[in-house]
Amino acid sequence: MQTFCSPCFATRVPIRVKALHTNQRTVNNPGSMAETAAPRWAQKTITLPPQKRGCHLVTSQILKEIGQDLSGFKCGLAHFFLQHTSASLTINENYDSDVRDDTETFLNRVVPEGTSAPWKHTLEGPDDMPAHIKSSMFGCSLTVPITNGKLNMGTWQGIWLCEHRDYPTSRRVVITLNGI
Amino acid sequence: MQTFCSPCFATRVPIRVKALHTNQRTVNNPGSMAETAAPRWAQKTITLPPQKRGCHLVTSQILKEIGQDLSGFKCGLAHFFLQHTSASLTINENYDSDVRDDTETFLNRVVPEGTSAPWKHTLEGPDDMPAHIKSSMFGCSLTVPITNGKLNMGTWQGIWLCEHRDYPTSRRVVITLNGI
Amino acid sequence: MQTFCSPCFATRVPIRVKALHTNQRTVNNPGSMAETAAPRWAQKTITLPPQKRGCHLVTSQILKEIGQDLSGFKCGLAHFFLQHTSASLTINENYDSDVRDDTETFLNRVVPEGTSAPWKHTLEGPDDMPAHIKSSMFGCSLTVPITNGKLNMGTWQGIWLCEHRDYPTSRRVVITLNGI
């Protein structure tokens, strides 16, 4: 990633500027429109295979699907939208699987389940209403910056699919890429 | 929705590709720019009428506002931004109102309220600080893919406005559409 | 912000339309393309200085960095992406610091920490696993509408950086602006 400060940020010392991509005229060469490119859109729906209840790292599965598409974007945003109400997408630690296990432990402690739980919606099983709540706690969509053809996540970040139901089912994710 | 695998995904068997929209040159007809269109933006602020404390399905209210705008986008993203700190937007089950009631029950159990609650910020009433916390738990914004002129949510997904204050007030949502 | 109802919304009375920006042909002057502008992208990474554990209002720090860039966008979206898994970004009340303190109190009550906590992932200290969980509860990214060169947040909204670790470290945020 290119590292420079544009003149307009030169006097802002406390917060360090690491990178700037733009499709406006470039600062050092204002006559050039080399950075200009027509914005593009790409969208597809992928189906992630069934996973057992818990948190699962799916970054590599997703990159297999969109890696080639991503490589065409210098700067943009990738949006991931899970089309379900009993699972969730979140970004968290990509290394130690204990973090994913502990997160599942937390979710099961914070959302009551079973005969003592206060839910009215129980027709689809004792794990269903807790699954809906967990889905809203973590959310069903993510937006990640694209920089130089890659998802610009931190070193330790990865994309998790959190399956909140006991019975594993495949899960659809609508992926939308937009950028230059 | 068109269903095909582009050549570049042909070898990726485990994850099924369901759809691909792009405004790049199409794979099967590289000379054609039929898919190319100028990206467009539309933005408006709507005001949702006052609702009692709890979770409310507002998909149809929102679609009444943006349905015609949406129809002009083949592929894109719709962004919904609630301009308040004591309510939230989330996506969850669109059918059984018990799911919304149970979610409200959960929120009231997980965030303490009343004389035993540990809050310092109590000037605006006992429901105010819990409302702020719930707003950050569920969030104040949503991004939903647009595909073929519609919000591309799952069959059972809907947009909820969660009102966390006791006294109902109208709530503003800035809606931004972007796509081709 | 311009306030008008476009003809296509004239029959939708219950939900008040406050504003509409578009780069399509304008309704009142269909021959004019005055609203049309080429979509633009800008992206940079900023580093927020170390903060103690707790919730911190960082709107002004962020605006110092991107205010000039923002002023070039009439309509668009600003995306903020924290590249870490033990801190979070959220939007909440921008006035009373007690709200931020109470939110930190809530997070520490809802996520167990210390010797009685059930975590397996403890190598990086007792505050580490709780920090990961809090990061997924509030999330690591925000999307905010841009209107007339400014972040279009509500009167009482501000951007918070929530630091979940005991030891303060600087935090990187990738900021992506997109609009017309």
Scan of segment B:109-136 for residues that are surrounded by 23 or more Cβ atoms within 10 Å (Cβ to Cβ) and either at the interface with chain C (Cβ under 7 Å from one of its Cβ atoms) or aliphatic (A, V, I, L, M) (or both), ordered by number: B:M129, B:A131, B:H132, B:I133, B:S135, B:S136
Which listed residue is over 23 Å from A:R109 (Cβ atoms), among the β-branched types (V, I, T) and in contact (Cβ under 8 Å) with a residue 24 or more places away in the chain, from B:T85, B:T103, B:T115: B:T85
Subset tally (residues that are more than 20 Å from B:L82 (Cβ to Cβ) and in contact with a Cys (Cβ under 7 Å, 6 or more places away or on another chain)) for segment C:89-119: 1
Test set (1) more than 7 Å from chain C (Cβ to nearest Cβ); (2) in contact with a Pro (Cβ under 7 Å, 6 or more places away or on another chain) - B:F73 fails condition number: (2)
Pairs where the first residue, in segment B:59-71, is farther than 20 Å from B:R100 by Cβ and the second is of a type in the set (A, V, I, L, M) and part of a helix (DSSP H, G or I), C-beta under 8 Å, 6+ apart: B:L70/B:L63
Qualifying residue in segment C:84-106 (condition: under 16 Å from the mean Cα position of the chain (by Cα) and closer than 19 Å to C:Q43 by Cβ): yes
Unmet criterion (only one of (1) β-branched (V, I, T); (2) more than 9 Å from every other protein chain (Cβ to nearest Cβ); (3) free of Cβ contacts under 8 Å to residues at least 24 places away in the same chain) for B:T169: (3)
A:V111 in contact with a Pro (Cβ under 7 Å, 6 or more places away or on another chain) and either of a type in the set (A, V, I, L, M, F, W, C) or at pLDDT below 95 (or both): yes
Segments classed as strands (runs of 3 or more DSSP E), wholly inside segment A:1-107, with at least 2 members that are among the aliphatic types (A, V, I, L, M) and either in contact with a helix residue (DSSP H, G or I) (Cβ under 6 Å, 6 or more places away or on another chain) or modelled with pLDDT of 95 or more (or both): A:40-48, A:75-82, A:87-93
Flag if C:R165 is assigned to a strand (DSSP E or B), in the same structural domain as C:Q61 (by TED's automatic domain parsing) and among the basic types (K, R): no
Residue within segment A:158-168 that is more than 20 Å from the chain's Cα centre (by Cα) and either of a type in the set (A, V, I, L, M, F, W, C) or buried (at least 17 other Cβ atoms within 10 Å of the Cβ) (or both) present: yes
Checking B:A117 against (1) part of a helix (DSSP H, G or I); (2) in contact with a helix residue (DSSP H, G or I) (Cβ under 8 Å, 6 or more places away or on another chain); (3) more than 17 Å from A:K134 (Cα to Cα), the condition it does not meet: (1)
Restricting segment C:47-70 to residues that are under 17 Å from the mean Cα position of the chain (by Cα) and over 26 Å from B:M137 (Cβ atoms), the residue that is farthest from the other protein chains (Cβ to nearest Cβ): C:L70
Some residue of segment A:138-149 being surrounded by fewer than 20 Cβ atoms within 10 Å (Cβ to Cβ) and more than 12 Å from chain B (Cβ to nearest Cβ): yes
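The values are calculated or read from the model by the stated rules, or taken from the named source; none is laboratory data. Note that this is a predicted model, so its numbers are computed, not measured. FYI the Cβ positions are ideal-geometry reconstructions off the backbone, even for glycines, and counts take in every protein chain you see.
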